[in-house]
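One structure below.
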Amino acid sequence: MPSRAHLVDTHGRTVRDLRISVTDRCNLRCTYCMPAEGMPWLPHEQILTYEEIVRIARVAVECGVTGVRLTGGEPTVRRELATLVRQLRALSPALDLSITTNGIKLAEMAAELREAGLSRVNISLDTLVRERFVQIARRDRLADVLMGIDAARRAGFAPIKINTVLMRGFNDDEIVSLAGWARDEGLELRFIEWMPLDFQQKWDREKLVSAAETHDAIHAVYPLEPEEGDDPSAPARPWRYCDGKGRVGFVGSVSNPFCGSCDRIRLTADGQVRTCLFALKEWDFRALLRGGADDGAIEQLMRDAVLRKQPGHLIGQAEFRQPERGMSSIGG
Ligand code: SAM
Ligand code: SF4
């Protein structure tokens with residue numbers, strides 16, 4: 001039972017999920033996320049310490065948050081990540097503690113993260129073709145990702161989810177082969193629609209491959225049926241293969257938004273809380289913490305932020321404004 005009242009917004013949604021970006025840095029340069037030269041990285045002193053992150057997470061958990069996901073940038077490039085995992089795990093044995101990673105460093109880190117108390121891993125992979133991987137991530141690291149997936153499996157993570165972003169004319173011809181590969185490997189693939197969150201602001205709706213189209217392409221080869229009784233706030237409505245060979249998900253963030261049941265807030269690496277990926281307003285928790293605030297003040301700012309959580313993103317509407325920060329700096 002949470003020891004503080006739940007975080008509820010004016011649209012009746014209760015916050016259960018906290019995404020924490022632990023760094024804005026990354027060892028890849030995915031074209032839909034970052035420019036080739038990287039970004040002007042945040043100076044060290046602007047990044048929250050682990051102690052500061054855990055303090056905010058603790059208040060959130062006391063307010064009824066049940067899931068914490070570590071992301072970035074690339075979370076595994078932050079030093080001593082297992083230490084943070086251990087400290088977050090100590091908040092609650094029941095906490096659903098997960099990570100979204102490009103997988104490159106999992107070969108060396110998966111076992112340690114598991115031992116530290118991480119519950120789940122999502123690994124991002126958009127192609128199984130080496131040359132394409134180099135084109136999209138601007139680094140020749142496909143083999144490392146595959147080794148990372150293997151290491152996660154050996155460390156005992158299950159299920160392992162794979163996040164794939166499709167772009168028309170680039171990797172949409174791999175929909176079925178990626179699905180076949182994931183089925184054979186016992187991995188749960190989740191296709192995520194490309195969103196207008198790239199730093200370069202080059203998003204082009206024409207290049208978006210919709211969740212429905214992706215579903216249909218797979219269903220034609222590997223018949224699918226809807227999975228019943230899952231969490232309605234989960235962005236990827238799960239489908240299962242009729243032959244019993246696992247599940248696949250389709251995140252229709254743009255074509256079929258799930259904002260009405262969104263239960264998350266985000267904490268950026270520099271200590272700003274955002275109540276939506278597309279929020280234009282941020283709440284400065286770093287200043288609050290470093291100004292000596294007590295837990296009651298942290299809770300109050302969280303409540304103020306959540307109360308103003310926007311009803312939904314406005315992609316495709318005239319009022320839509322792309323946030324200045326890109327995905328890697330917000331925390332995807
Ligand atoms: N570096 C880690 C990774 O790649 O998994 C974590 C951070 S990354 C920003 C989190 C997820 O966001 C990845 O699965 C990535 O593919 C996805 N992503 C990045 N930019 C995106 C965009 N513009 N639209 C949709 N998904 C995006
Ligand atoms: Fe790095 Fe992840 Fe962005 Fe790729 S999607 S550049 S791996 S933060």
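The values are calculated or read from the model by the stated rules, or taken from the named source; none is laboratory data. On a predicted model such as this, the values are computed, not experimentally measured, just so you know. In this analysis, Cβ positions are derived from the backbone assuming ideal geometry, glycine residues included, and neighbour counts consider all displayed protein chains.
Considering each residue of the stretch 282-291 in turn, none proves to be modelled with pLDDT of 90 or more and more than 21 Å from VAL54 (Cβ to Cβ). Candidates GLY186, GLY244, GLY156: the one that is exposed (fewer than 15 other Cβ atoms within 10 Å of the Cβ) and over 22 Å from ALA111 (Cα atoms) is GLY244. Within the stretch 311-332, the only residue that satisfies the criterion of being basic (Lys, Arg) and either within 16 Å of ligand 2 (Cβ to nearest atom) or within 8 Å of LEU197 (Cβ to Cβ) (or both) is ARG325. The one condition from (1) surrounded by 19 or more Cβ atoms within 10 Å (Cβ to Cβ); (2) under 17 Å from PHE250 (Cβ atoms) that ASP172 does not meet is (1). Might you check whether a residue that is within 27 Å of ALA182 (Cβ to Cβ), among the hydrophobic types (A, V, I, L, M, F, W, C) and more than 16 Å from ligand 2 (Cβ to nearest atom) occurs anywhere in the stretch 50-71? Within the stretch 50-71, one or more residues are within 27 Å of ALA182 (Cβ to Cβ), among the hydrophobic types (A, V, I, L, M, F, W, C) and more than 16 Å from ligand 2 (Cβ to nearest atom).
Each row is one residue, and each column tells you yes or no for (1) within 13 Å of ligand 2 (Cβ to nearest atom); (2) part of a loop (DSSP other than H, G, I, E, B).
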site	(1), (2)
PRO93	no, yes
THR100	yes, no
MET109	no, no
LEU113	no, no
THR127	yes, yes
ALA143	no, no
ILE149	no, no
ALA158	no, yes
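Is the stretch 174-191 home to any residue that is within 16 Å of ligand 2 (Cβ to nearest atom), assigned to a strand (DSSP E or B) and under 18 Å from the mean Cα position of the chain (by Cα)? If you could, list the steps in order and put the result at the bottom.
We begin by selecting, within the stretch 174-191, every residue within 16 Å of ligand 2 (Cβ to nearest atom); these are 190-191.
Still in the running and assigned to a strand (DSSP E or B): 190-191.
After this cut, where a residue has to be under 18 Å from the mean Cα position of the chain (by Cα) as well, the list is 190-191.
Looking through the stretch 174-191, at least one residue is within 16 Å of ligand 2 (Cβ to nearest atom), assigned to a strand (DSSP E or B) and under 18 Å from the mean Cα position of the chain (by Cα).
Within the stretch 194-206, residues that are free of Cβ contacts under 8 Å to residues at least 40 places away in the same chain sit with their Cβ atoms under 8 Å from residues that are more than 6 Å from ligand 1 (Cβ to nearest atom), at 6+ positions apart or across chains, in these pairs: GLU206/ARG168.
How many residues, within the stretch 247-268, are of a type in the set (Val, Ile, Thr) and either surrounded by fewer than 19 Cβ atoms within 10 Å (Cβ to Cβ) or part of a loop (DSSP other than H, G, I, E, B) (or both)? If you could, list the steps in order and put the result at the bottom.
Initially, the stretch 247-268 is screened for residues of a type in the set (Val, Ile, Thr), giving 248, 251, 254, 265, 268.
Of the ones still in play, those that are also either surrounded by fewer than 19 Cβ atoms within 10 Å (Cβ to Cβ) or part of a loop (DSSP other than H, G, I, E, B) (or both) are 254, 268.
Of the residues in that region, 2 qualify.
Residues to consider are ALA110, ALA116, ALA94; find the one that is surrounded by fewer than 17 Cβ atoms within 10 Å (Cβ to Cβ), of a type in the set (A, V, I, L, M, F, W, C) and either within 28 Å of TYR32 (Cα to Cα) or free of Cβ contacts under 8 Å to residues at least 40 places away in the same chain (or both). Walk me through how you get there before you give the answer.
Details: ALA110 fails: surrounded by fewer than 17 Cβ atoms within 10 Å (Cβ to Cβ); ALA116 fails: surrounded by fewer than 17 Cβ atoms within 10 Å (Cβ to Cβ).
Step by step, each of ALA110, ALA116, ALA94 is checked, and only ALA94 is surrounded by fewer than 17 Cβ atoms within 10 Å (Cβ to Cβ), of a type in the set (A, V, I, L, M, F, W, C) and either within 28 Å of TYR32 (Cα to Cα) or free of Cβ contacts under 8 Å to residues at least 40 places away in the same chain (or both).
Filtering the stretch 288-332 to residues that are part of a helix (DSSP H, G or I), crowded, with 19+ Cβ neighbours inside 10 Å and basic (Lys, Arg) leaves nothing. All conditions but one from (1) within 12 Å of ligand 2 (Cβ to nearest atom); (2) crowded, with 19+ Cβ neighbours inside 10 Å apply to ARG13; the one that does not is (1). Would the stretch 84-91 turn up any residue that is more than 14 Å from ligand 1 (Cβ to nearest atom), surrounded by fewer than 19 Cβ atoms within 10 Å (Cβ to Cβ) and in contact (Cβ under 8 Å) with a residue 40 or more places away in the chain? Scanning the stretch 84-91, I find no residue that is more than 14 Å from ligand 1 (Cβ to nearest atom), surrounded by fewer than 19 Cβ atoms within 10 Å (Cβ to Cβ) and in contact (Cβ under 8 Å) with a residue 40 or more places away in the chain, so the answer is no. For first residues located in the stretch 47-74 and farther than 13 Å from ASP263 by Cα, partners that are in a helix (DSSP H, G or I) and within 16 Å of ligand 1 (Cβ to nearest atom) and lie 6+ apart or on another chain with Cβ distances below 7 Å form the pairs TYR50/LEU84; ILE53/LEU84; GLY72/SER328; GLY73/SER328.
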